[in-house]
1. Determine the gain in length on full extension of the stretch V123-R219; use 0.36 nm per residue of separation and subtract their C-alpha separation, reporting nm with one decimal.
2. Would you kindly derive the ³J(HN,Hα) couplings of region 281-292 from the backbone phi angles with the Karplus curve 6.51 cos²θ - 1.76 cosθ + 1.60 (θ = phi - 60°), listing them in order in whole Hz, with x for Gly and Pro?
3. What percent antiparallel are the DSSP beta bridges of the chain, to the nearest 5?
4. Expected output is a single nm value to one decimal: the length gained when fully extending between W236 and A56, i.e. 0.36 nm times separation in residues minus the C-alpha distance. What is it?
5. Go through 262-273, 94-105 and give me the packing order, highest mean Cβ count within 10 Å leading.
6. Of all beta bridges DSSP finds with both residues in region 137-250, what is the antiparallel percent, to the nearest 5?
7. Between V286, V117, V190, which gets the highest mean-square fluctuation from a Gaussian network model of the chain, Cα cutoff 10 Å?
8. In the chain, what is the count of Lys pairs whose alpha carbons are under 26 Å apart, counting only pairs at least 8 residues apart or on separate chains?
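A short reminder: the numbers here are calculations on the coordinates, not readings from a lab. None of these values were measured; they are calculated from a predicted model. Here the Cβ is made from the backbone with ideal geometry for all residues, glycine too, and neighbour counts use every protein chain on show.
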Amino acid sequence: MNRFVFQLLLACCATAALADDATFTAAPAGSFTIAVIPDTQSYVKQTSASDSDGDAVLRNPIFETITDWIATNRQQQNIVFVSHVGDIVDKNVPEQWNVARQCMDRIHGVIPYGVTVGNHDMVTAGDSSLFQKYFPESRFKDFDWYGGSFHPDRPDPAISGNNANSYQKIRTPHLNLLHLNLECNAPDDVLAWANKTIASHPKHHVIITTHMDLGPTHRPTTNQGYIIDPKGRMEWKKCHSRRGNTAVEMWDKCFKLHENVFLICSGDQRRSQAMHVTAHGDHGNVVHSCLSDYSSDGSLRLYRFVPDEDRVDVITYNADREQLTRTTQLVADHEEHQFSFEHSMPSP
């Protein structure tokens, strides 16, 4: 039996085990996990029993639950990094940003993390000033894992600047990872910066989180179209007007050019919800694109790296219900929620 077939059988067995196991076990020895938080747009006003005035307080209970679960299970799952796919808020207003920062404060200084600017996190023209106010570069720059952010060649950083596009470095005993958070429909100057950043880390395994990647290939013309239209890498955009790049353009101008890029994480499309697409970069490398947008039902994605077996187990876990997400009304196939893929992980 050749090595590829053996690895494929291992992956299939792992997928079956994850899908059938009612309990979620601790990460095995030697493995590590990257947690990916899907869109967190469910903000509600709730009245606290301890509030004598009876005033409703804005909260995001699902966001709180997810980051609490990550913090609580950090050691059990050996979570080394967390990425948010964007649409951190529903409405781009200070009240929601304040709640979002409080939710992320649960892991701030505890686990390295990055946040992605989604279309709800900026104005259509690309101004992400409020994101930059609540998650500026200064919030992260003193951490040794924080690499830096894109600085536009103009005085005002409101568009694309001040941590709207950033990178982080994660070192593990088995491999060095470079992670980039790229804003929704990142313009050409951002992609030029991303290309330079990736090229300057040739020995790092590269993961990119960007908000729009997989979903309906063309912009749907009906609500039902978001569910039934052909899906893949999207050829339409929401932000930055003419300057913005579609997911296909971001792939062509950046992602496919680098042999060390192997994983792209995205959100945005709650009616597509979960997708896994593989493609080959220009150097023949396999790139896994993974969409996860569970419409704030409590599910998050866990990418469990198993270096001894050159395998990544992709686990969808509902932190609110405390159970694996095996199937949903929109995506019945459990292999879109629980699956594995092969990735070579030689020691650095």
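1. Roughly 32.6 nm would be gained on extension.
2. x, 4, 9, x, 6, 7, 10, 9, 9, 10, 9, 9
3. The antiparallel proportion sits near 65 percent.
4. Values: separation 180, 0.36 × 180 = 64.80 nm, distance 3.86 nm.
Stretched fully, the W236-A56 segment lengthens by 60.9 nm.
5. On the way: 262-273: 24.0, 94-105: 17.6.
With the highest mean Cβ count within 10 Å placed first, the list reads 262-273, 94-105.
6. Roughly 65 percent of the DSSP beta bridges within region 137-250 come out antiparallel.
7. In this elastic network of the chain, the residue with the biggest mean-square fluctuation among V286, V117, V190 is V286.
8. 28
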